[in-house]
Ligand code: GLA
């Protein structure tokens with residue numbers, strides 16, 4: 001519901017869960033009165049913004065000391081007119097070089113439903129109403145349109161901003177964030193998801209204080225260092241209780257996000273394209289639309305916030321036809337062979353996997369050009385006839401004829417110096433004239449801001465895909481951008497490069513997904529260097545991390561699931577000792593972790609013992625039975641203690657409940673352990689593992705007692721009937737419990 005109260009000039013966006021209140025202030029600026037749990041609608045909420053005067057605070061009107069922009073809680077703060085916190089935008093009038101603008105409220109429009117955009121990712125759906133508030137700057141004739149989309153039934157609002165140059169003079173947009181909001185107080189903890197290659201999206205929580213705290217990326221991709229997400233939670237909020245606000249940027253390029261807390265304890269939260277590597281020229285009649293931010297409110301803890309994100313992403317963001325389809329169990333040859341394979345070794349791996357129940361084979365890096373290591377061939381998207389004499393075309397046919405699906409790896413944005421592509425188009429790589437090149441994994445990045453480059457890559461990929469039997473594509477991106485410069489852009493447009501680059505990536509994604517709607521895409525960037533809502537618009541799953549170690553993956557899972565649905569988290573069982581950490585965990589533990597995700601194997605199954613193969617068959621059977629619950633159910637992180645991770649998934653019909661319990665290190669002679677489940681019905685549940693029956697209220701309030709840990713070896717014969725040694729033995733253990741509602 002979107003209401004405009006004419007007298008008080010207040011917009012109230014609300015549904016049964018949330019309210020968002022915006023007021024038009026006396027100077028024409030917009031202020032934020034409230035965002036949070038739903039409050040009843042009424043005509044006038046102006047008392048929520050107490051006006052007061054403070055010496056030193058600039059005033060908008062002569063003889064009125066109480067209207068000061070410094071003390072307003074702004075909706076989309078400008079620069080240079082009395083608000084001294086982080087501005088949401090900076091618009092330069094190129095005729096004067098002035099960066100001061102004064103947008104005043106002009107009009108509003110309400111739009112039913114929300115359409116998809118093709119040139120950049122966007123939330124869409126029929127269960128959405130959008131309020132567009134138009135503001136105008138009289139001096140430059142620039143127009144600013146702030147969009148707020150509210151769902152009929154989800155605790156979420158989607159925001160963006162559009163700048164239109166309706167004047168004659170050229171403007172330069174030096175900063176254009178997607179959203180900014182001022183909260184009344186600073187009693188928040190800041191949640192961010194941090195990491196690096198092979199340890200992405202670890203949860204990092206800190207209290208906020210006066211001053212500015214930001215996270216971001218200027219690497220050309222959203223990055224493994226900071227995910228384009230943050231949340232503000234109350235200090236007492238935990239996984240299943242309390243208030244939290246989450247913000248997720250629908251964008252895959254450079255971004256900034258953070259808080260600016262002033263001396264009056266007002267917390268400004270903001271998010272958008274990183275201004276350090278951005279500006280956009282607006283000639284007369286040109287416009288610029290920012291990426292969107294999905295904002296979520298929960299008063300039932302962090303897991304509930306995550307569920308709202310999952311719900312919005314699955315129903316209103318992923319465009320793929322596979323958004324709600326359980327994903328095929330795959331075998332990927334990367335950690336099994338790296339670059340060293342031929343058609344026979346690939347068929348051996350695929351056929352063994354098929355025999356054990358795997359549904360899709362994915363051929364990873366190394367099938368094209370002359371690629372035997374990472375020094376050559378990126379860009380040459382045709383089969384290596386030495387490894388694959390009849391090409392990927394024939395191999396894909398052999399595999400699909402056997403009844404398996406077939407998937408193929410590409411790294412479309414890249415190029416090696418040793419490649420036909422570089423020989424023919426050396427000017428297509430990103431480089432700054434006169435400067436040395438910087439390499440990443442021996443490769444260079446193609447200039448995707450240039451349409452000719454995107455056309456060429458589209459045509460070469462389209463040829464291979466059309467001539468082969470391809471069900472799945474893994475789209476990789478393995479280096480960050482340096483020496484950014486677009487040779488096809490005039491010098492005054494150079495700071496548009498990074499945004500134009502990512503629009504080129506979206507263009508290629510859009511063309512491929514439109515031409516091949518039946519192909520399941522998985523995004524990847526050295527694992528999770530670009531795990532974001534922009535990618536999910538085109539690819540419904542993303543390889544979460546190059547680290548396949550089960551223990552590391554628990555931290556990756558906790559962080560990733562904070563925003564992204566389980567069906568989007570690419571996860572595989574790999575060989576031990578693990579290739580990234582040299583750690584050894586059991587085959588059971590590895591599968592129990594990989595199952596909370598898309599699930600697959602990334603090792604040579606031929607070299608497993610018969611007993612291990614039997615275990616793999618059982619794991620696959622289990623996953624096939626429960627993958628729909630896992631990938632479409634409601635996911636909860638239960639409050640975990642250090643050393644223990646607990647997750648719960650409840651099927652949509654609430655008939656099946658899965659409890660995943662993991663222990664990292666064994667403790668000497670520990671106490672007993674139980675875990676309390678959440679959000680069950682008070683019906684009877686049968687636990688398949690121990691055949692016992694429990695009421696939902698028992699499992700919620702007392703909890704399930706977990707297996708007894710090892711308590712030191714005592715001779716069992718001396719103590720008949722007493723289990724001194726326990727059943728949860730050693731480091732790195734896991735249990736998956738299944739409950740069926742009667
Ligand atoms: C990246 C990916 C891996 C694999 C290799 C291939 O590191 O994240 O999964 O595809 O590239 O070179």
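Summary table below
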| quantity | calculated |
| --- | --- |
| Odd one out for residue 514, checked against (1) away from the ligand (no atom under 16 Å from the Cβ); (2) in contact with a strand residue (DSSP E or B) (Cβ under 8 Å, 6 or more places away or on another chain); (3) in a helix (DSSP H, G or I) | (2) |
| Residue 412 being in contact (Cβ under 8 Å) with a residue 40 or more places away in the chain and either part of a strand (DSSP E or B) or within 16 Å of the ligand (Cβ to nearest atom) (or both) | yes |
| Residues of segment 525-565 satisfying the condition of being under 12 Å from the mean Cα position of the chain (by Cα), within 16 Å of the ligand (Cβ to nearest atom) and part of a loop (DSSP other than H, G, I, E, B) | 529, 530, 531, 532, 539, 544 |
| Condition met for residue 73 (without any contact (Cβ under 8 Å) to a residue 24 or more places away in the chain and within 27 Å of residue 147 (Cβ to Cβ)) | no |
| Every residue from segment 343-374 that is part of a loop (DSSP other than H, G, I, E, B), within 14 Å of the ligand (Cβ to nearest atom) and in contact with a strand residue (DSSP E or B) (Cβ under 6 Å, 6 or more places away or on another chain) | 364, 365 |
| Selected residue (only one of 465, 430 is in contact with a strand residue (DSSP E or B) (Cβ under 6 Å, 6 or more places away or on another chain) and in contact (Cβ under 8 Å) with a residue 40 or more places away in the chain) | 430 |
| Selected residue [closer than 19 Å to residue 704 by Cα and crowded, with 21+ Cβ neighbours inside 10 Å] from 593, 650 | 650 |
| Test result for residue 634, farther than 20 Å from residue 702 by Cβ and out of contact with any strand residue (DSSP E or B) (no Cβ under 8 Å at 6 or more places or on another chain) | no |
| Residue, farthest from the chain's Cα centre (by Cα), within segment 331-340, restricted to residues that are within 23 Å of residue 598 (Cβ to Cβ) and assigned to a loop (DSSP other than H, G, I, E, B) | 338 |
| Test: residue in segment 399-408 that is more than 16 Å from the ligand (Cβ to nearest atom), under 27 Å from the mean Cα position of the chain (by Cα), surrounded by fewer than 21 Cβ atoms within 10 Å (Cβ to Cβ) and at pLDDT 95 or above | yes |
| Those residues of segment 596-620 which are without any contact (Cβ under 8 Å) to a residue 60 or more places away in the chain and surrounded by fewer than 24 Cβ atoms within 10 Å (Cβ to Cβ), in sequence order | 607, 608, 609, 610, 611, 612, 614, 615, 618, 619 |
| Residue within segment 72-93 that is over 37 Å from the mean Cα position of the chain (by Cα) and either under 29 Å from residue 141 (Cα atoms) or crowded, with 19+ Cβ neighbours inside 10 Å (or both) present | no |
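The values are calculated or read from the model by the stated rules, or taken from the named source; none is laboratory data. Every value quoted in this text rests on a predicted model; they were computed, and no experiment measured them. With ideal geometry, Cβ positions are generated from the backbone for all residues, glycine too; neighbour counts draw on all protein chains shown.
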